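All of the numbers you see were taken from the coordinates with simple rules; none came from a lab. Since we're looking at a predicted model, the values are computed, not measured. A quick note on method: Cβ atoms are made from the backbone with ideal geometry, for glycine too, and the neighbour counts reach across all protein chains shown.
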Amino acid sequence: MSTPTLSIRPGHPSLLELPWETPLEDWDDPHLVDLPTGLHRHVVRFVAFGDDIYAVKELPRRLARHEYRTLRALEHRVGPVGQAVGLVDRGWVTPDREFSAAVITRYVKFTFTYRELISGGNFGPRRRQMLDAVAGLLVELHLAGCYWGDCSLSNLLYRYDAGAIQAVMIDAETSELHDELSTGQRQHDLDIMVVNLAGGMADIAAEQGLDLDDADLTLGEDVAEVYRALWAELTETVVIGVDEGFRVRQQVERLNDLGFEVGDIELLPYADGPGRRLKLSVSVGGRTFHSTRLHDLTGIEAAEAQARQILSDLQYYEAVGDRTSATGKSVRAIRWRVEVFEPLLNRIAEAAPGVDAVQRYCDFLHHRYLMAATAGMDIPNEVAFTAWIDQGMPGIDPVDQTTVEV
Ligand SMILES: Nc1ncnc2c1ncn2[C@@H]1O[C@H](COP(=O)(O)OP(=O)(O)O)[C@@H](O)[C@H]1O
Ligand SMILES: [Mg+2]
């Protein structure tokens, strides 16, 4: 029997045990697990080793290599993309055969497919979150020079991010990386997304027995509109007067609020009068302003909107805490982590094993805020936490929080 070539990134030794010489469809391995998927062309199956779950996708060699390389390159350029951990090459199989190669990605935890997001009948309140999520991801990809070529409902996964939704790119088979994208390339990518999303929504309407007229066919166009507004916000130049230097800081903070780190600040001549044109460029790396801050300060890993909310909890702790102690900011941050954050995270994990504990912590913060707003006064953590647990850990989202728990 022939032996495949395996390239596996460090830290995933269990993958070596799998029967790679056999086509994926014929596997009968005890590690195989069934998980929901979007629509797909290639054979995709999941394998679990304890908490480590992987998606394996078989596809022709050239495509597999391309996808593996692209996902790996994107990992450092944008935030939410699937993480490729291995490439399998069955050298003895002709390269155009579907099972000549396979790409292994890490299963993206706590995500759900578009079916779970949209089909529940409660799509109304989530629609706006979804527009922001897909538009935001496309902006991140385009800023990083990535033309996707196949943005569709099935090529995205969705994850709660505090009160927002984060979209994660998983299928990079058609993607191209460039130094910079032209307006035409960006437009083309948007056009593909608009058609794909309309097609996806038409399929969902058909499944639900709805008339095509009642399908949400303009979802993609609405994503494109949100995209254009965000793109303009990030790339426009602002004219500032000769004595308005303070506006540089304002503009930097505006982009930070959107989650972007500013790379370069340029002051350009302004032809039509006194003053300068201010141009900020966003650093490559995606929307990670708050998650990087939180990680630097406390070592906690969280998505961008979660990090923003947790950072304000930390500020609150500092504001109401003992201000006479002479400890610095970083020591206070560690105290907060050890005394407040971690004990509550442990209690969440005990109350509901397997859930996304950081997201649930954000749910709790929201609940504490609602209690305080109703009472017109601060509510101590212990009181708020017990009330939140007693009420069944309600989420920030108006719709029930269903996650894929494995
Ligand atoms: N890393 C992953 N984590 C979670 N789900 C995944 C992952 N990779 C693929 N999937 C699921 O499998 C489906 C098909 O994967 P995809 O890469 O889009 O295959 P295809 O190229 O055949 O379209 C996706 O819609 C998604 O639901
Ligand atoms: Mg796909």
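Counting other Cβ atoms within 10 Å as a rough exposure proxy, the listed residues VAL252, VAL223, VAL338, VAL44 run VAL338, VAL252, VAL44, VAL223 from fewest neighbours to most. When the chain is described by a simple charge dipole with +1 on each Lys and Arg Cβ and -1 on each Asp and Glu Cβ, the residue from PRO30, ILE165, GLY273 located farthest towards its positive end is GLY273.
Treat every Asp and Glu Cβ in the chain as -1 and every Lys and Arg Cβ as +1, leave all other atoms uncharged, and give the resulting dipole magnitude about the Cα centre to the nearest 20 debye. Display every interim value, and only then the final one.
Details: 38 positive and 63 negative charges, 250 e Å.
Around 1200 debye, computed over the chain.
Note on the chain: GNM, Cα springs under 10 Å; of ARG287, ARG228, ARG360, the largest mean-square fluctuation is that of ARG228. When the GluC sites (Glu not before Pro) in the stretch 121-214 are filtered for DSSP coil states and for at most 11 other beta-carbon atoms within 10 Å of their beta-carbon, the remaining sites are GLU180. Report the Cα centroid-to-centroid distance between the stretch 264-320 and the stretch 2-79 in angstrom, as an integer. Between the Cα centre of the stretch 264-320 and that of the stretch 2-79, the gap is 35 Å.
Give the distance, in whole Å, between the Cα centre of the stretch 80-118 and the Cα centre of the stretch 186-228. Value for the Cα centre distance between the two parts: 25 Å. Listed by chain and number, the lysines placed with their C-alpha closer than 29 angstrom to that of LYS57 are LYS109; residues fewer than eight positions away on the same chain are left out.
Within 10 Å of each residue's Cβ, count the other Cβ atoms and sort ARG335, ARG62 from fewest upward. Don't skip to the end; give the middle numbers.
Working: ARG335 16, ARG62 12.
Taking fewest neighbouring Cβ atoms as first place, the list is ARG62, ARG335.
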